[in-house]
1. Using only Cα atoms, locate the centre of region B:106-153 and the centre of region B:28-70, then give the distance between them in Å, rounded to an integer.
2. Kindly write out, for region A:36-45 in residue order, the coupling ³J(HN,Hα) from the Karplus curve 6.51 cos²θ - 1.76 cosθ + 1.60 (θ = phi - 60°), rounded to whole Hz, with x marking Gly and Pro.
3. Measuring from a point 7 Å out along Cα→Cβ, what nm distances, shortest first, does A:ASN41 have to its partners in the other copies?
4. Tell me the trypsin sites (Lys or Arg not before Pro) within region B:82-153 that lie in a loop according to DSSP and have at most 13 other beta-carbon atoms within 10 Å.
5. Taking H placed 1.01 Å from N in the peptide plane, check which residues at least 5 places from A:ILE45 or on another chain put their amide H under 5 Å from its amide H.
6. Where a ≥ b ≥ c are the square roots of the eigenvalues of the C-alpha gyration tensor, would you call chain A rounded, which needs a/c under 1.5, or, failing that, prolate if a/b is larger than b/c, or oblate?
7. For every helix of n ≥ 4 consecutive DSSP H residues, a contribution of -39,500 (n - 2.57) applies; sum these over chain B, divide by its total residues, and give [θ] at 222 nm rounded to the nearest 500 deg cm²/dmol.
8. Between B:ILE132 and the same site in the other copies, what are the distances in nm, shortest first, taking label points 7 Å from Cα along the C-beta direction?
Protein chains: 2
Amino acid sequence: MSYEPKIELFTDEYFMREALKEAQKAFDADEVPIGAVVVCNQRIIAKAHNMTEALNDATAHAEMLAITAAENYLNAKFLQDCTLYVTLEPCVMCAGASFWSRIGKVVYGAPDERYGYKKAGDTLFHPKTQIIGGVMAQECGQLIRRFFEKKRG
Amino acid sequence: MSYEPKIELFTDEYFMREALKEAQKAFDADEVPIGAVVVCNQRIIAKAHNMTEALNDATAHAEMLAITAAENYLNAKFLQDCTLYVTLEPCVMCAGASFWSRIGKVVYGAPDERYGYKKAGDTLFHPKTQIIGGVMAQECGQLIRRFFEKKRG
C-alpha cells in the first residue's frame, strides 16, 4: 500500500503543474515567473518560460515561445488540436498570437488584472478557442507574488 | 539640371517606402505582402517582412520580427525612441507587442478592417505611443489586393 499523493494524469491540473515547473525555472533565472506548455493528444509538445530578460526582448513571453515551438514541432501553422497551459492570464499580445495559431483551448492559472487580455474584452481569441481560467490560480499567483516581494527586498 | 523625382528624406513617406520594399520581398516569396522597418534617429535599425509561410509560424508577422530585431540591435527591451513603419494596420498581437516594447511611434499604411487592432478598440497600444495611420495607404493596400487577386487566379 502506497502513501504517495495520487496525481491524476492528463487533467488540466496535471498539465498546469508542468507549466508551473517552467515558471519556477523562470523564477530561478530571475525572470518574472510565468510558464507555459502546449499539449497535443495528451503529450507535451512544447515548454517555455518567460525570457524577456535573457533575450532582452519584450515580446519573449512564455506563451509566444511555446506557441512558436509547438508550431515548429508540428511543422504546422495551426494548433487547432492543441491546448496551451499558462500560469497567468495571457496579455493582449499572447491572446492575439493564440488567435493566429487557432489553438483549440487555452487554460490559464492566475488572473492578471493589470495586463490580462480581459481588459480589452473577450473577443481577442479565435471564436473556436475554448478558454478556461483559474486552474491552480493560487499556486500560479503565489509564485509571481513571491518574485516581486523578493525584488522589493 | 536633374529630372529625377525628388524624394524628401526622412519623412514618414520615405520610411514607409522602405517598408513597402520589404512587403514586395514578401510578395515575391509568396507571403502575404506586409513589410515593416524600425527607425531610430533617422536610421533604419531593423527591416522585416511577413514570414508566416517560410517559418510555418502564425506569429511571424513583419512587426513581430522587426520589433525583436530592433531590440536585438539595440540590446534593449524598450524602443521608446524608435518608430515602427508597417504597411498594414497592426493586428491585436502586434499592437500588444508594440505595447510591451513601449515604442515611441507607430506609422501604418493601409487600414485592415478584418484583423486590424481597431476592432478591439483604441487602448491596446502603450499610452505614450503615438499612432499615425494612412501613410501611403493606397500603395500599401494595392500590393495586398494584387497578392490575393493572384492567389484567386
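Quick note: the coordinates plus some simple rules give every number you see, no bench work behind them. Quick caveat, the model's predicted, so the values are computed rather than measured. Don't worry about glycine lacking a Cβ; one is built from the backbone with ideal geometry, like all the others, and counts go over all protein chains shown.
1. Cα centres, region B:106-153 to region B:28-70: 14 Å.
2. The phi angles translate into 8, 9, 10, 10, 9, 6, 6, 10, 6, 10 Hz.
3. Going from nearest to farthest copy, the values are 5.4 nm.
4. Values: sites: B:ARG102, B:LYS105, B:ARG114, B:LYS118, B:LYS119, B:LYS128, B:ARG145, B:ARG146, B:LYS150, B:LYS151, B:ARG152; in loops: B:ARG102, B:ARG114, B:LYS128.
Here the sparse-neighbourhood loop sites are B:ARG114, B:LYS128.
5. For A:ILE45, whose amide H was placed from the backbone, the distant partners under 5 Å are A:VAL38, A:VAL39, A:CYS40.
6. Details: a/c = 1.43, a/b = 1.07, b/c = 1.33.
Note, shape of chain A comes out rounded.
7. Values: 4 runs with 56 residues, N = 153.
Taken over chain B, the calculation gives -12000 deg cm²/dmol.
8. Computed spacing set for this position: 4.8 nm.
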